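Here's the structure we're looking at; comments come further down.
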Amino acid sequence: MRDSTDTVIAIDGVAKQYKRDGRSTTALRDVSLSVSSGEFVTVVGPSGCGKTTLLRLVSGLESPTDGDITVAGKPVQGPDPNRGTVFQEYHLFPWLTVRENVAFGLVEQGVPAAERQERVQELLYVIGLSDFADAYPKELSGGMKQRVGLARALAVDPDILLLDEPFGSVDMQTRRQLQRELLEIWRGTDKTVLFVTHDIEEAVALSDRIVIMSGTPGRVRATVSVAESRPRNRSAQWFVDQVETLFERIESHA
Ligand SMILES: Nc1ncnc2c1ncn2[C@@H]1O[C@H](COP(=O)(O)OP(=O)(O)O)[C@@H](O)[C@H]1O
Ligand SMILES: [Mg+2]
């Protein structure tokens, strides 16, 4: 059993208000959530309920208007490569090749060239883009860019992965494959994962816990544990039932 001393991500009473053109939007209100070491937690909820905002706060790209966020016991004060982040819009460096994008964090950390090359090669293989090592982002499809974003975050072997709909623009088959790869990486490395998706099936397939949010303002409505062992059979009755139950709960709070 895990206890509170295992907590890696602690989100406590967090609110986020955006001000733009004199208008203010409350994206999150009184959100509390903790994620234990090695846990895979997924946040689901309708578009606009504040999922991306929550992840940006944990990554340190934004600060909360109210409340506290700590990671490994320390207040989040800005981005940190130990919190590998993959966003919906991938944010690749357009002037760098695929290989250079994936190597970016390793260069920053001063990892020697030979070791860097080996690591990048391995990751490109895992994401199925070995043949595109020298391509530039503009030559890639949306799904390929997302895979490069994932590889770039993984390259520095972060303890924590923050993933915002990382498989949103890949086809169904690639999506399943990447989900399997992610699970393997997670199981093999003991990483703590905070994952955002609006795909309930994806949430049930991957997670230890599913956090249901509703908008607006975004709040946590319920948390559901999924104890079944992985890999999970999507045609099993429990799986189908779980997806349906979650769907109904989300609908009723939308
Ligand atoms: N930079 C921003 N400035 C103003 N409003 C924002 C900004 N980012 C998000 N919002 C608003 O905050 C709410 C939550 O957005 P977001 O976190 O992107 O939700 P989700 O990822 O669940 O779709 C929405 O109403 C959105 O319009
Ligand atoms: Mg979003």
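The values are calculated or read from the model by the stated rules, or taken from the named source; none is laboratory data. Here the structure is a predicted model, which is why all the values come from computation and not from measurement. Neighbour counts run over all protein chains shown; Cβ positions are idealised from the backbone, glycine included. Note: accessible area is taken over every heavy atom of the protein model, side chains too, but ligands, DNA and RNA are not part of it. Shrake-Rupley method; radii C 1.70, N 1.55, O 1.52, S 1.80 Å.
For the chain, what is the convex hull volume of the alpha-carbon atoms per residue, in Å³? Present the calculation step by step, with values, prior to reporting the outcome.
Working: hull volume 34.8 nm³, N = 254.
Output value, Cα hull per residue: 137 Å³.
Report, in degrees rounded to the nearest 10, the 0 to 90 angle that the Cα long axis of helix 142-155 makes with the longest principal axis of the chain.
Value to nearest ten degrees: 80.
Quick one: angle between helix 98-108 and the longest Cα principal axis of the chain, in degrees between 0 and 90, rounded to 10, please.
80
Take the solvent-accessible surface of the protein heavy atoms, probe 1.4 Å, and return the percent of it on the range 176-254 that carbon and sulfur atoms account for. Present the calculation step by step, with values, prior to reporting the outcome.
Working: 1680 of 3900 Å².
Using a 1.4 Å probe with all protein chains present, the range 176-254 comes out at 43 percent carbon and sulfur.
Ignoring ligands, DNA and RNA, what percent of the 1.4 Å accessible area of the range 92-157 is carbon and sulfur? Display every interim value, and only then the final one.
On the way: 1780 of 3430 Å².
Roughly 52 percent of what the probe reaches on the range 92-157 is carbon or sulfur.
Which residue, THR65, THR52, THR192, tops the fluctuation ranking in a GNM of the chain built on C-alpha contacts under 10 Å?
Of the options given, THR65 has the highest mean-square fluctuation.
Out of the DSSP beta bridges found with both residues in the chain, what percent are antiparallel (nearest 5)?
55
Students sometimes get this wrong: rank ASP199, ASP159 by accessible area, probe 1.4 Å, all chains present, largest first. If you can, show how the numbers build up before the last one.
On the way: ASP199 35, ASP159 90 Å².
Reading off the accessible areas and sorting them downward yields ASP159, ASP199.
How much accessible area per residue does the range 92-157 have, counting only protein heavy atoms and a probe of 1.4 Å, in square angstrom? Don't jump to the answer; show the numbers that get you there.
Values: 3430 Å² over 66 residues.
On a per-residue basis, the range 92-157 sits at 52 Å².
With runs of 4+ DSSP H residues as the only contributors, calculate the mean residue ellipticity of the chain at 222 nm using -39,500 (n - 2.57) per run, divided by the residue total and rounded to the nearest 500. Spell out each step's value before the answer.
Working: 7 runs with 90 residues, N = 254.
Only helices count here, giving -11000 deg cm²/dmol.
How compact and how long is the range 92-157, expressed as Rg and Dmax of its alpha-carbon atoms in Å?
10.5, 31
On each of the three principal axes of the Cα atoms of the range 50-124, give max minus min coordinate, whole Å, ordered largest first.
Computed over the Cα atoms, the extents are 45, 26, 19 Å.
Mind pulling up the Rg/Rh value for the range 21-168? Radius of gyration and Kirkwood radius, both on Cα.
Numbers: Rg = 16.6 Å, Rh = 16.6 Å.
That ratio is 1.00, to two decimals.
Which of LEU129, PRO64, TRP95 sits farthest toward the positive end of the charge dipole of the range 51-150, with +1 on the Cβ of Lys and Arg and -1 on the Cβ of Asp and Glu?
Positive-most Cα among the choices belongs to PRO64.
Find how many whole Å separate the alpha carbon centroid of the range 51-92 from the alpha carbon centroid of the range 180-208.
After rounding, the separation between the Cα centres reads 18 Å.
Which values of log₁₀ I(q)/I(0), to two decimal places, follow from the Debye formula for the range 2-99 at q = 0.10 Å⁻¹ with a uniform point scatterer at every Cα?
Values, matching the q order: -0.32.
Net charge within 11 Å of VAL170 by Cβ-Cβ distance, Lys/Arg positive one each and Asp/Glu negative one each, not counting VAL170 itself?
Values: positive: LYS145, ARG147, ARG175, ARG176; negative: GLU165, ASP171.
Local charge sum for VAL170: +2.
Which order do peptides 227-233, 241-247, 212-218 fall in by mean Cβ count within 10 Å, highest first?
On the way: 227-233: 11.4, 241-247: 15.1, 212-218: 20.1.
Highest-to-lowest ranking by the protection proxy: 212-218, 241-247, 227-233.
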